[in-house]
Amino acid sequence: MADLNEKIRDHKMVNFIKCILAGFVTKDALIPFVTDVMEAVKESLTRQTGNVTCGVCSTPNVIDCPAKGICDRNKRKCSFHAKQKFQKCGKGVCQTVRDAISQLHRYENPSWCNTDATQWLTEWWEVAKCFLPPQGYDDKDSADKTDINGILNLIINCREFDNEICDDLSKRENVCTIVRDKMRNIRHAAKPDVPDVIMHDAINALTNLLKDVRRHGNFPECLKAISKLNEIKQGDFDIKSESIDVQQDVWKELVSLNFEDKVKYLYHHFSKQIQIMSTEIATLKDASETKHARLIEGTNFT
Ligand SMILES: [Zn+2]
Ligand SMILES: [Zn+2]
């Protein structure tokens, strides 16, 4: 009986790994699509300034004080504007871009704390960051380094995607919020145990999202990901068949979710190389601790 329980548990943990991997596959596939849309947004912003760029005004320079959600209204001195005050752009372009970004935001509430205004007309990612959640994304310097939740928020919050996704993104529940909620529930569960039905449900939601990209046929990455997700769902899918880089991403994610004890139990699901890499990291950690202990000992003797 114990054996059977272990097997069921193990199977549910494999489902958990599958969901994490499916999230990565979907995020990677969405990046060329969001890049394409946001490059066009950046070009449209440049057109609105008559092709004049600034690159000098910082974000606090561009944003009036007090600004909703970023300035501390209750304090005498606003920390966001402590070093740099609001000032009118010398070239007369930055406030125009700021207002255009605000209008593009579904709730007219961009996350100014995430973004660097000096790069708005040169780096589409700095514009995209205005549509990400205000916490946890200011240090993400590319779409690649952002998680699926960040990319989903960009699609949900930036109205430019209204024409790009078949579903109505202004609805409280839509093809993106469904994925966001399902993935959040899985990641935040107390245990990395995912029943088959939940795994299928989550991967189906990810597939629906990719299929809902109006031009998904133009993005080979989306098409490839749709068939990859189908492969992951199958009972005989083995994460060992994935490249070391992919396995490492999933592994890191599992460790960051604090399922370390379970991760050790799952060693045998990953390839030998990942096991060696993880053991090396652990050994290095131990070695530095031992070295540190010796150093302390040494100090005590002198
Ligand atoms: Zn302020
Ligand atoms: Zn300026």
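Kirkwood-type hydrodynamic radius, the range 46-102: 12.1 Å, calculated from all non-identical alpha-carbon pairs. A cut-off under 14 angstrom between Cβ atoms defines the neighbours of T177, and their net charge, with Lys, Arg +1 and Asp, Glu -1, is +1.
Here is the short version for the chain: C19, C54, C65, C113, C130, C158, C166, C176, C222 have no other Cys C-beta closer than 4.7 Å. Among the listed pairs K27/K272; K27/K191; K68/K228, those with a Cα-Cα distance over 31 Å are K68/K228.
Farthest towards the positive end of the charge dipole of the chain, among the residues C166, Y265, F24, is the Cα of C166, using unit charges on the Cβ of Lys, Arg, Asp and Glu. Remark on the chain: ratio of C-alpha radius of gyration to 2.2 N^0.38 Å is 1.21.
In plain terms, the residue of W120, W112 with the fewest other Cβ atoms within 10 Å comes first and the most crowded comes last, giving W112, W120. Label separation (I276 vs H200): 3.9 nm, computed from points 7 Å beyond Cα along the C-beta direction. Taken as Cα centroids, the range 200-232 and the range 68-110 sit 37 Å apart, rounded to the nearest whole angstrom.
Throughout, read-outs are computed from the coordinates displayed, never taken from laboratory work. All figures in this text were calculated on a predicted structure; none of them were measured in a lab. With ideal geometry, Cβ positions are generated from the backbone for all residues, glycine too; neighbour counts draw on all protein chains shown.
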